[in-house]
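The values are calculated or read from the model by the stated rules, or taken from the named source; none is laboratory data. Nothing here was measured: the structure is a model prediction, and the numbers come from that model. Cβ sites come from the backbone with ideal geometry, for glycine too, and all protein chains shown count toward neighbours.
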Amino acid sequence: MRLFRAHVLVCAGTNCSLKSNKAVQDRLVREVERRGLADEIKVVETGCFGLCEQGPTVVVYPEGVLYCRVTPDDVPELVEEHLLKGRRLDRLLYREEVPAAGAAVSAGPKAFQTVPEMNFFRGQVRIVLRNCGIIDPESIEEYIANGGYEALGKAITAMTPAAVVEEVKASGLRGRGGAGFPAGLKWEFAAKAKGDTKYIVCNADEGEPGTFKDRLILEGDPHAIIEGMALAAYAIGATQGYVYIRGEYGLSIDRLQKAINRAKEMKLLGRGIFGSKFDFDIEIRTGAGAYICGEETALFESLEGGRGEPRLKPPYPTDSGLFGKPTAINNVETLASVAQIIANGAKWYRGFGTERSPGTKVFTLTGDIVNEGLIEVPMGITLREIIFGIGGGVPNGRSFKMAQSGGTSGGCLPAALLDVPMDYDELAKAGAALGSGALLIMDDTHCIVDIARVFARFFMHESCGKCVPCREGTFRLHEFVENATKGKATPQDLQTVHALARTMALASLCPLGQAAPVPLLSTLQYFRDEYDQHINEKRCPTGTCRGLATPAKALSAAGKGA
């Protein structure tokens with residue numbers, strides 16, 4: 001095996017790919033060869049580092065120096081300064097605002113030379129993302145060198161299927177797709193279900209706006225999903241698995257298929273895995289981008305070739321799921337956690353997070369935040385720590401106004417709740433949820449009523465229309481907020497909205513209709529003053545809603561009236 005004195009890792013996640021990372025990588029390869037360094041320097045295409053806003057990003061090891069917004073024209077100087085002369089290229093280093101000692105104001109931007117120094121990484125615990133940005137995602141050898149497939153080997157050769165189920169149950173791992181159902185308990189139900197044929201399904205549909213964690217996990221560490229699915233299959237007695245993934249996720253599909261092919265070549269998928277009697281294979285199925293297909297039974301309908309609509313429950317998937325057979329369906333992030341639990345033990349996993357919400361959670365930070373991107377943090381970390389620590393705060397000197405947790409169907413949290421712990425139970429008390437892991441941050445320039453209108457329009461568009469409460473309810477919710485932004489809503493409409501929301505939560509067939517009122521209700525709870533201004537005073541405090549008076553217009557009109 002050839003040894004190199006330095007590795008140059010180039011982020012090849014989707015976001016950096018859209019910013020010409022391939023051109024940066026190609027220029028690096030050519031420049032290294034031109035300077036006669038090909039035997040000393042290895043250029044590696046890897047997964048997302050997490051700092052999506054700063055891409056294309058390049059990390060040079062062994063020092064761990066991260067360079068941001070690298071262009072092909074920067075490459076000759078980077079090679080000259082860092083790889084030949086051993087000096088940091090200061091102008092490309094990551095910079096973040098650092099508070100002045102004893103003051104709330106910033107002391108100005110500071111350049112951080114290495115990854116461990118950066119607040120963005122220092123506050124994280126990377127279990128699911130342990131390999132993302134570290135290994136070549138298309139190299140099974142690098143995955144194995146980092147401990148990959150050891151957990152599968154341990155389970156098949158030294159554990160019974162029941163023991164695997166018990167270990168996952170003991171870890172307290174809960175579904176990371178949104179519902180938060182205990183993964184081990186789901187496996188136990190599927191294992192005990194009657195049937196000679198059982199299935200494992202990985203839900204990689206990820207239709208929630210602002211959510212891209214599953215995509216980047218698949219792009220950065222596809223073998224972790226394969227190993228997690230194989231462990232789940234061994235635990236419940238399944239021989240076939242399916243990954244249902246959005247058709248738009250071209251890079252994820254390509255890397256996952258390559259990983260499946262390599263795993264088959266190395267006899268880690270297929271017949272007689274690890275010389276045992278355990279057989280398991282995986283196939284990829286692509287969806288057409290329907291939000292409703294993130295719901296498990298609608299996903300089954302689509303996977304079977306039908307229209308993506310939810311089924312009545314019971315029966316539940318663990319008894320009658322895909323093709324009417326017992327099925328365990330888990331989210332990408334959930335499955336990516338499994339191998340580490342089996343390898344290190346449930347007690348180790350419970351060393352992170354909280355008692356009722358153990359482990360870590362992957363979030364996607366978007367909106368008005370300095371460090372947009374992908375992070376993984378212990379459960380129970382506060383919203384404030386994420387936004388103003390890891391996230392770098394709100395840019396352009398603006399004030400924080402709201403964070404929506406869990407995607408479009410999540411609750412909207414005001415500044416008064418910045419110290420809420422980010423776990424299943426505490427967020428539920430605040431009227432929000434972890435959901436898909438999306439965190440949308442908004443500053444004080446945004447109108448809450450207008451934002452609620454956007455959310456309501458999304459649900460109206462994505463409702464499959466199968467059940468009346470959702471089909472008609474989403475339309476009426478959007479109608480109310482649309483009228484509010486135009487000054488046409490009345491105080492009586494608010495009573496109707498609350499009654500409608502209760503009906504939708506109780507009577508809708510699936511979580512789409514049940515959760516559609518959540519963002520509207522949470523904004524009504526925490527930002528009622530803005531609704532009152534729109535409805536009673538016919539003005540928009542931010543001037544976003546055209547046709548309504550702004551505070552300045554209202555003041556001018558009042559002066560003229562006097």
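Among all positions in the range 266-279, there is no residue which is modelled with pLDDT of 95 or more, within 26 Å of Leu152 (Cα to Cα) and under 23 Å from the mean Cα position of the chain (by Cα).
In the condition set (1) closer than 16 Å to Phe120 by Cα; (2) surrounded by 24 or more Cβ atoms within 10 Å (Cβ to Cβ), Thr382 is compliant with all but (2). Flag: Tyr199 does not match the condition of being of a type in the set (Phe, Trp, Tyr) and surrounded by fewer than 24 Cβ atoms within 10 Å (Cβ to Cβ). Do we find that Arg91 is in contact with an Asp or Glu (Cβ under 9 Å, 6 or more places away or on another chain) and closer than 30 Å to Phe363 by Cα in this structure? Criteria met by Arg91.
Scanning the range 332-347 finds one or more residues that are hydrophobic (A, V, I, L, M, F, W, C), within 12 Å of the chain's Cα centre (by Cα) and over 25 Å from Phe400 (Cβ atoms). For the range 485-510, the candidate set comprises residues that are buried (at least 19 other Cβ atoms within 10 Å of the Cβ) and touching a residue at least 60 places away in the same chain (Cβ under 8 Å); within that set, the residue that is nearest to Ala290 (Cα to Cα) is Cys510.
For the range 367-398, residues that are among the polar types (S, T, N, Q) and either assigned to a helix (DSSP H, G or I) or modelled with pLDDT of 95 or more (or both) total 2.
Answer yes or no: is there a residue in the range 205-213 that is under 27 Å from Glu355 (Cα atoms), in contact with a strand residue (DSSP E or B) (Cβ under 9 Å, 6 or more places away or on another chain) and assigned by TED's automatic domain parsing to the domain that holds Gly287. Checking the range 205-213: at least one residue is under 27 Å from Glu355 (Cα atoms), in contact with a strand residue (DSSP E or B) (Cβ under 9 Å, 6 or more places away or on another chain) and assigned by TED's automatic domain parsing to the domain that holds Gly287. Go through the range 313-336 and count every residue that is aromatic (Phe, Trp, Tyr) and either more than 30 Å from Val362 (Cα to Cα) or in a helix (DSSP H, G or I) (or both). Of the residues in that region, 1 qualify.
Residue check: is Ala428 among the aliphatic types (A, V, I, L, M), surrounded by fewer than 24 Cβ atoms within 10 Å (Cβ to Cβ) and either touching a strand residue (DSSP E or B) at 6+ places or on another chain (Cβ under 9 Å) or at pLDDT below 95 (or both)? Quick ask: steps written out before the conclusion?
On the way: among the aliphatic types (A, V, I, L, M): yes; surrounded by fewer than 24 Cβ atoms within 10 Å (Cβ to Cβ): yes; either touching a strand residue (DSSP E or B) at 6+ places or on another chain (Cβ under 9 Å) or at pLDDT below 95 (or both): yes.
Taking the combined requirement at face value, the residue satisfies it.
Only one of the numbered conditions (1) modelled with pLDDT of 95 or more; (2) within 17 Å of the chain's Cα centre (by Cα) is violated by Glu248, and that is (1). For Thr408, the conditions (1) in contact with a Leu (Cβ under 8 Å, 6 or more places away or on another chain); (2) at pLDDT below 95; (3) crowded, with 23+ Cβ neighbours inside 10 Å are fulfilled apart from (1). Each residue in the range 442-470 was checked for being part of a helix (DSSP H, G or I) and either in the same structural domain as Met402 (by TED's automatic domain parsing) or buried (at least 16 other Cβ atoms within 10 Å of the Cβ) (or both), and 14 of them qualify.
Restricted to the range 156-267, the set of helices (runs of 4 or more DSSP H) holding at least 2 residues that are farther than 21 Å from Glu296 by Cα comprises 161-171, 213-220, 222-236, 250-265.
In the range 271-278 there is at least one residue matching the filter, namely being outside any strand (DSSP E or B), under 28 Å from Lys169 (Cβ atoms) and basic (Lys, Arg).
Mind listing just one residue for me: the one in the range 478-519 that is assigned to a loop (DSSP other than H, G, I, E, B) and of a type outside the set (A, V, I, L, M, F, W, C) and, of those, nearest to Leu312 (Cα to Cα)?
Only one residue fits best here, namely Ser508.
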